[in-house]
Amino acid sequence: MQKPAVQTATFCARSLGIAIVIFYSPAALAAVLNLGPEQIVLAGSEDLFVPGYSVPCFTDFNNDGLDDLVVGEGGSGFDGKIRVYLNGGSTNTPLFSDFVYAQSEGTDLLLPASGCMGAFPRIAHFDADNKKDLLVGRADGTVQLFCNIGTESNPTFDEGTLLEVGTAGFKSPIDVGSRATIALTDWDNNGVRDLVLGALDGYIHLYLNQGTNTEPDFVSETIVQDLYGNLQVPSGRSSPALMDLTGDGNKDLLVGNTNGAILLYTNQGSDSMPSFSTYDYVIADGIAIDLPGVPRSRPFISDWTGDGLPDLLIGAGDGRIHLFQSVPEEADFDEDGDVDANDFAIWQSGFSTINGASHGDGDADADRDVDGYDFLIWQRAYSSGSLSLISIPEPSTLILCAFPAFLALVPTSCRKKLV
């Protein structure tokens, strides 16, 4: 792929008399997941726990404006079922206690489980009645659609049908062999939702939708490629999720696997023609996510606290829901997930604010002042993305070029007098 051309941007910190020229490539401005320490989602005062292997999905199940937890369970001798935990808290602070099982034709929806999978649920509007439906990946490698025969706010489901692939008159059930895991996304940006499946074999199986969102038509299967051929997730049991996680506008591929790691395949192509090369381990609180044992990590990307930042829910063989929340960068003053020129402008605007400054004013070190320390924190965070940062003084202001660093070395009481 052709490397992005180097671009420049110039900002003038007029209060300091400094022109800051930043040489950067667009790719270097990418925001990455900045995840905090592991938490376990609670139901009441206890760990939320399901028998067998947990598979989380965070969505508004009952149309009250709050996202709820829909959790697949089963495997290891337990039947495949789907629990619904309604959110009794708020958008910013989800709270859960009791659950009900999803219903099919008046009884608990039940799926045949095998080995490490019972049910892999995802919620989507899959037909034309404008009511949310239930798509479930099955242990035998097939995918079953349960249409909503209840209401949008109180879903209940029919007996289910298997999704099919093939040309008209020659369709057969979609079958990835074993352990079908589901992601829904508009892969090729043609306005309709496509089907992306993981499987025991570790491949990423792609079914482009040749129909519509309400009448999908899957004609063929392809295997997602990397530089070496078929993209195969190490240790197998691929479990995909897709979202732009690098801030470049292109969907990236996040994948769980047998060993409990979370891998990020950055999109090197475009949003409409994704292309992947190698993977990176996703880091949380300074270390790579690696759930103990061989737990079969099954991720779901969500906005857990409504702050606009991507958080990560992971289901696993311990029956619990592992939560890793995004932590805003110290210098991400607008909390949009990256440290960029907008954050510098906020610092510049707030510079010299003393006593009472907030993070949103440009206070990176939480001392309630906006000063040279905060500039240095912004500079360090900005340059960590392989940027070249050069401070160039305006005419007759050469000595002020080092003013932020100088302020950082002056005692607070003196700084206040200086500014």
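Quick notes on this one:
- Divide the volume of the convex hull around the Cα atoms of segment 37-146 by the residue count and you get 123 Å³ per residue.
- Nearest-10 value in Å² for the accessible area of residue 90, using the 1.4 Å probe: 50 Å²
- Under a model in which nothing but the beta-carbon of Lys, Arg (+1) and Asp, Glu (-1) is charged, segment 264-338 shows a dipole of about 760 debye around its Cα centre.
- Taking a ≥ b ≥ c as the square roots of the eigenvalues of the Cα gyration tensor, an a/c ratio of 1.5 or more together with a/b larger than b/c marks segment 295-380 as prolate.
- Calculated SAXS-style log₁₀ I(q)/I(0) at q = 0.27, 0.28, 0.35 Å⁻¹ - segment 331-370, Debye, Cα scatterers: -0.79, -0.84, -1.16
- Inter-site label distance for residue 307 and residue 125 at 7 Å from Cα along Cβ, in nm: 3.1 nm
- For residue 132, the aspartates and glutamates whose Cα comes closer than 12 Å to its Cα, not counting residues fewer than 8 places off in the same chain, are 60, 152.
- In segment 144-208, the portion of solvent-accessible area held by carbon and sulfur atoms comes to 53 percent [1.4 Å probe, whole percent, DNA, RNA and ligands not counted].
- Segment 306-333-segment 39-93 distance, computed between alpha-carbon centres (Å): 15 Å
- Along its first, second and third principal axes, ordered by size, segment 206-334 spans 44, 39, 32 Å in Cα coordinates.
- Within the accessible surface of segment 335-379, defined with a 1.4 Å probe on protein heavy atoms only, the carbon and sulfur portion equals 44 percent.
The values are calculated or read from the model by the stated rules, or taken from the named source; none is laboratory data. Just so it is clear, the structure is predicted and the values come from calculations on it, not from any experiment. Counting neighbours? That spans all protein chains shown, and the Cβs are built from the backbone with ideal geometry, glycine included. With ligands, DNA and RNA removed, areas are computed over all heavy atoms of the protein, side chains included. Shrake-Rupley method; radii C 1.70, N 1.55, O 1.52, S 1.80 Å.
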